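Enquirer: Starting off with a structure, shown below.
The values are calculated or read from the model by the stated rules, or taken from the named source; none is laboratory data. Everything numeric here is computed off the predicted structure, so don't read it as measured data. Reconstructed Cβ throughout: ideal geometry from the backbone, glycine too, with neighbour counts over all protein chains shown.
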Amino acid sequence: MKVKPIILFSTLLAVLMSPLFSWSHCEIPCGIYDDAMRYDMLEEHIKTIEKSMDMITQLSAEGEKNYNQIVRWVVNKEEHATKFMDIVQQYFLNQRIKPVDDSASIKYDDYIKQLKFMHGMLVTAMKCKQTVDKVHTAKLSELVAKSKELYFKEQGH
């Protein structure tokens with residue numbers, strides 16, 4: 001059975017436009033944080049995004065295309081990129097990276113670097129949603145590693 005392109009497009013659009021929910025750590029200051037686990041989660045999301053990209057590319061190259069599976073891998077890639085972005089936004093930017101006032105201090109410089117890493121991660125995760133180019137997952141991995149190193153240096157670990 002062949003799927004008409006308009007049906008495929010409509011289905012994909014409906015899935016992408018539906019609200020996606022991602023559960024993050026709450027914003028009540030309970031003091032229960034596992035920063036290392038959050039970085040591990042970011043790295044796992046990158047691996048899943050990359051696997052999804054590989055599968056989309058592989059399935060798209062086949063003569064008899066399985067559009068159902070392609071759509072499922074696209075949705076999977078989208079969901080994990082969104083979950084990645086939620087951790088960066090909800091966990092790190094909203095709760096863990098605290099603003100620093102003194103613009104002449106080393107702490108302020110590290111704060112600005114961390115904000116740049118986090119913003120770079122958000123933009124790159126968005127690019128992962130837009131394409132199957134694994135240059136973006138490589139960049140995400142690099143940004144996460146740099147952010148993690150700086151974050152734990154700041155935390156005294």
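Enquirer: With the structure loaded, tell me whether Phe117 is buried (at least 19 other Cβ atoms within 10 Å of the Cβ), without any contact (Cβ under 8 Å) to a residue 40 or more places away in the chain and under 22 Å from the mean Cα position of the chain (by Cα) or whether it fails that test.
Expert: Yes.
Enquirer: Condition first: of a type outside the set (Lys, Arg) and farther than 14 Å from Thr82 by Cα. Now tell me which residues in the range 32-49 satisfy that. Outline the logic, then answer.
Expert: Filtering the range 32-49 down to residues of a type outside the set (Lys, Arg) leaves 32-37, 39-46, 48-49.
Of everything in the range 32-49, those that are of a type outside the set (Lys, Arg) and farther than 14 Å from Thr82 by Cα turn out to be Ile32, Tyr33, Asp34, Asp35, Ala36, Met37, Tyr39, Asp40.
Enquirer: Same structure again: So which residues in the range 110-129 are aromatic (Phe, Trp, Tyr) and closer than 10 Å to Leu143 by Cα, if there are any at all? Walk me through it before giving the result.
Expert: Quick first cut of the range 110-129, residues aromatic (Phe, Trp, Tyr) only: 111, 117.
Correct list: Phe117 only.
Enquirer: Looking at this structure, is His45 at pLDDT 95 or above, surrounded by 14 or more Cβ atoms within 10 Å (Cβ to Cβ) and touching a Ser or Thr at 6+ places or on another chain (Cβ under 6 Å)? Please lay out each step first, then the result.
Expert: Working: at pLDDT 95 or above: yes; surrounded by 14 or more Cβ atoms within 10 Å (Cβ to Cβ): yes; touching a Ser or Thr at 6+ places or on another chain (Cβ under 6 Å): no.
In short, no.
Enquirer: Check the range 91-104 and report whether any residue there is touching a Phe, Trp or Tyr at 6+ places or on another chain (Cβ under 6 Å), among the aliphatic types (A, V, I, L, M) and farther than 22 Å from Thr48 by Cβ.
Expert: First, the residues of the range 91-104 that are touching a Phe, Trp or Tyr at 6+ places or on another chain (Cβ under 6 Å): 100, 102.
Still in the list and also among the aliphatic types (A, V, I, L, M): 100.
Filter once more, so that each one left must be farther than 22 Å from Thr48 by Cβ: 100.
For the range 91-104, residues touching a Phe, Trp or Tyr at 6+ places or on another chain (Cβ under 6 Å), among the aliphatic types (A, V, I, L, M) and farther than 22 Å from Thr48 by Cβ: present.
Enquirer: Among the numbered criteria (1) polar (S, T, N, Q); (2) surrounded by fewer than 16 Cβ atoms within 10 Å (Cβ to Cβ); (3) touching a Ser or Thr at 6+ places or on another chain (Cβ under 6 Å), which one does Gln130 miss?
Expert: Status for Gln130: all satisfied but (3).
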